[in-house]
Amino acid sequence: MADLKNSLKHLRYSPLFSSCSSKDLEKIAKAGDRITLEKGEILTKQGDPGKEAFIILSGKATVKRSGKKVATISTGSVVGELSLLDHGPRTATVTCDTECQVLVISRGNFLRVIDKVPALTHKLFAALATRIRDLDRAYFG
């Protein structure tokens, strides 16, 4: 029960889940498995097939694309949601800078949660639209 409450507390930090109710957040937390990764462990590797999404509950990680650092992520960050939606390869390598507590949600569980939590579907679409707009601005100005 303590792990569930802790997971809920950290899920609230994520912009992806900000519009979800406590009941919806509980469904998301229950859909995943909580794991601990040590400093230096690789969470995702660019080019590998994606089969799950990761929500960082605590800790920090570095995101690199083609070997170039593009971001540092921490509590509430979601990694891998694109691969779950399109079956495509991972777009970046994510390495733990510190010990990280992570909630892992498999593709099947993730899709079931999206079906059950309409607010999550809306937030996911908005987050993806923001990413596309940011990329468009970066590429076209």
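Read the figures in this text as sums done on the coordinates, not as results from a lab. These numbers come from a predicted model, not from an experiment. A quick note on method: Cβ atoms are made from the backbone with ideal geometry, for glycine too, and the neighbour counts reach across all protein chains shown.
The table below gives the values:
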| read-out | value |
| --- | --- |
| Cleavage-rule hits (GluC sites (Glu not before Pro)) in the stretch 33-123: DSSP loop, at most 11 neighbouring Cβ within 10 angstrom | Glu38 |
| Distant-in-sequence amide H partners of Thr98 (H built 1.01 Å from N, under 5 Å) | Gly40, Lys60 |
| Calculated from backbone phi, Karplus (6.51, -1.76, 1.60) coupling profile of the stretch 10-22 in Hz, x at Gly/Pro | 6, 4, 4, 6, 7, x, 4, 10, 4, 8, 7, 6, 4 |
| Positive-end residue of Pro15, Leu82, Thr98, charge dipole of the chain with Cβ unit charges | Pro15 |
| Local net charge near Lys60, Cβ-Cβ under 12 Å (Lys/Arg +1, Asp/Glu -1) | -1 |
| For the stretch 63-141 and the stretch 1-58, distance of Cα centres in Å | 11 |
| Rounded to whole Hz, the Karplus (6.51, -1.76, 1.60) HN-Hα couplings of the stretch 31-45, x for glycine and proline | 6, x, 10, 8, 10, 10, 10, 7, 3, x, 6, 8, 7, 9, 10 |
| Cross-link pairs beyond the 20 Å C-alpha cut-off, checked among Lys9/Lys30; Lys69/Lys123; Lys5/Lys51; Lys5/Lys123; Lys9/Lys39; Lys23/Lys51 | Lys69/Lys123; Lys5/Lys51; Lys5/Lys123; Lys9/Lys39; Lys23/Lys51 |
| Farthest positive-ward along the chain dipole, Cα basis, beta-carbon charges - from Ala126, Phe54, Gly67 | Ala126 |
